[in-house]
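Below is one structure, written out as structure tokens; comments come after it.
Bear in mind these aren't lab numbers, they're just calculated from the coordinates by the rules spelled out. From a predicted model like this one, the values you see are computed outputs, not experimental measurements. Glycine gets a Cβ as well: all are built from the backbone with ideal geometry, and neighbour counts include every protein chain shown.
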């Protein structure tokens, strides 16, 4: 049973249970009713705590199937570091993930992966509003990582998705949309389809000029 805390820090309690092994990656979270009994708080509070951990990439809500554990790493230290990081630093780390994922995706992608990537890239290329573009860009890159077939890489990347979305949204939006461009992403998908690791890595390495991130 999860220990009670007078502070009422339900997010902290849920996260502590995860890091201590109460549930492991792949486990389905107990029902809201069960968690309310464990924590001694209202359903509303539990739902808010679960939503917060979903946003942090610790949990994943699956339509019609429940909420599952996708990470047992305490996000607090990384979140504190993100709080002081600038956009340039975030993009530099994303670049490393993107290049590695592109190479692996070129080797391991399935036909289903390719169909999904085509649809997400089309949505990204159609996006014009800053918020729409940021979300579509993040979705496409996450799908490339999923196609790479590396669960550790995927878990790390999931943690970054929210922060990357926030970073894109905070930039001079139209400049970033223009500099991110269509061509490099078209080239990335073409390389993944062709199974060309080197070309996929080269295409993934083409990112907006760091001058645009200041």
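Can you give the FRET efficiency to the nearest 0.05 for residue 194 and residue 22, using r as the Cβ-Cβ distance and R₀ = 35 Å? Calculated transfer efficiency: 0.20. Treating each Cα of segment 84-134 as an identical point scatterer and summing with the Debye formula, the log10 of I(q)/I(0) at q = 0.18 Å⁻¹ comes to -0.82.
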